[in-house]
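Bear in mind that the values in this text are calculations on the coordinates, not laboratory data. Bear in mind that the values here come from a model prediction, so they are computed numbers and not experimental data. Positions of Cβ are backbone-derived with ideal geometry, glycine not excepted, and every protein chain shown enters the neighbour counts.
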Amino acid sequence: MLGLFSLVGICAIAALLLAAFAPYIRRCAAGGVCTSNARLNGKTVVITGANTGIGKETARDLAQRGARVIIACRDLTKAEAAAQEIREDTGNKQVIVRELDLGNTRSIYQFAENIIKEEKVINILINNAGVMMCPYMKTSDGFEMHFGVNHLGHFLLTFLLLDLIKRSAPARIINVSSFAHVFGRINFQDLQSEKSYEGALAYCQSKLANILFTRELAKRLKDTKVTVNSLHPGSVKTELTRHSWVVALLWKICTFLIKTPKEGAQTSIHCAVAEELEEISGKYFSDCHPAFVAPQGRNDETAKNLWNVSCKLLKIQWD
């Protein structure tokens with residue numbers, strides 16, 4: 001009986017301590033905040049997957065700064081609803097919706113063709129969209145979904161828009177990666193996970209690919225006044241968890257440790273507008289500061305091999 005009372009007492013004390021420190025923990029979990037007041041009047045921004053989550057909050061912030069924001073999404077109904085909300089919230093009528101399915105190369109080519117015809121400049125490209133821990137699926141072109149959407153889709157999109165981006169310089173390219181890259185490996189013998197599949201590992205591989213793509217592209221863009229950086233948005237409560245009930249449950253249990261979409265968007269915004277990053281390229285950020293990159297994300301040989309394999313898979317020549 002005494003032991004039971006002791007256990008209850010310990011639990012009560014723990015609960016009181018958690019309640020007392022919860023506000024401090026919440027502030028720490030919220031992470032860094034973009035402090036730049038930079039305006040983007042006359043600038044054009046393309047953001048993939050901006051109909052929800054951190055993409056939507058990034059679009060809202062950049063629209064508030066005066067940018068012409070192009071929301072590139074597969075679901076036009078959701079995208080238009082998000083765009084209308086942002087227009088009403090910011091007073092910026094230049095929030096445009098365009099169809100883009102990153103799991104379909106034909107859609108990517110069509111999107112790029114339309115943008116090049118319609119837009120005079122692209123000053124900021126934010127490769128934000130992604131899938132996370134979904135069941136084994138393939139894109140329209142036969143690529144494993146994580147690798148196909150998170151890496152190859154954005155790789156092709158950037159390739160197709162790059163000439164316009166260069167003509168718009170100074171310009172920035174931002175790739176939303178993840179701390180999950182630390183657990184990733186580029187399995188060149190089974191890039192499409194056809195021999196074995198684990199959703200979490202496939203996701204980690206695709207996020208590592210984002211960082212390696214950033215690293216190699218930064219080298220190729222040297223002296224062009226176009227920078228490219230990647231980032232970890234943090235653990236954010238978004239629709240990405242819809243394919244994993246385990247992650248969704250953990251998010252609910254640890255909700256005070258999870259960032260809101262607005263908090264998660266801060267590093268994307270920082271990379272897009274911070275004046276001090278004007279000439280910074282090839283770096284990785286978290287909470288609006290440079291962050292640790294795992295050794296496999298700093299391997300130049302792997303980055304170059306991945307670049308070459310990606311070009312071969314997409315049937316493009318990108319020298």
Review point. What full-extension length gain, to one decimal in nm, is calculated for GLU113 and LEU76 as 0.36 nm per residue of separation minus the Cα-Cα distance?
Key: 11.5 nm
**Study point:** Point-to-point label distance, THR260-GLU276, nm (Cα→Cβ direction, 7 Å offset)
**Key:** 2.6
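Report the FRET efficiency, 1/(1 + (r/R0)^6), for GLU99 and ALA291, where r is their Cβ-Cβ distance and R0 is 35 Å, rounded to 0.05. Could you put the intermediate results ahead of the total?
On the way: r = 33 Å, r/R0 = 0.95.
The pair GLU99/ALA291 has a calculated efficiency of 0.55.
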Exercise for review: Multiply the residue gap between LYS219 and ARG185 by 0.36 nm, knock off their C-alpha separation, and tell me the result in nm, one decimal place.
Suggested key: 10.1 nm
Point to revise | Environment charge of THR227, counting only residues whose C-beta is closer than 13 Å and scoring Lys/Arg +1, Asp/Glu -1 | key: +3
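Excluding ASP300 itself, calculate the net charge of residues whose Cβ lies under 11 Å from the Cβ of ASP300, where each Lys or Arg counts +1 and each Asp or Glu counts -1. All intermediate terms of the calculation are to be shown ahead of the outcome.
Values: positive: ARG215, LYS219, ARG298, LYS304; negative: GLU216, GLU301.
It works out to a net charge of +2.
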**Study point:** the range 70-220: relative contact order as a whole-number percent, Cα under 8 Å and 6+ apart
**Key:** 22
Check your understanding: Any idea how far the Cα center of the range 264-312 sits from the one of the range 45-90, in Å?
Key -> 23
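Report the local net charge at SER177: Lys and Arg +1, Asp and Glu -1, summed over other residues whose C-beta lies under 13 Å from its C-beta.
Numbers: positive: LYS207, ARG215, LYS283; negative: none.
The answer is +3.
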Revision key, fill the gap. By the Cα gyration tensor axes a ≥ b ≥ c (a/c under 1.5 gives rounded; else a/b larger than b/c gives prolate, otherwise oblate), the shape of the range 34-314 is rounded
Check your understanding: Once fully extended, how much extra length lies between ARG298 and ALA38, figured as 0.36 nm per residue of separation less the alpha-carbon to alpha-carbon distance?
Key -> 90.5 nm
**Study point:** Spin-label proximity, ALA200 to the range 126-158 - amide N less than 12 Å from point 7 Å beyond Cα toward beta carbon
**Key:** 133
Practice item. Please go through the residue pairs LYS117/LYS312; LYS166/LYS262; LYS219/LYS304; LYS117/LYS166; LYS222/LYS312 and name each one whose alpha carbons sit more than 19 Å apart in this structure. Key: LYS117/LYS312; LYS166/LYS262; LYS222/LYS312
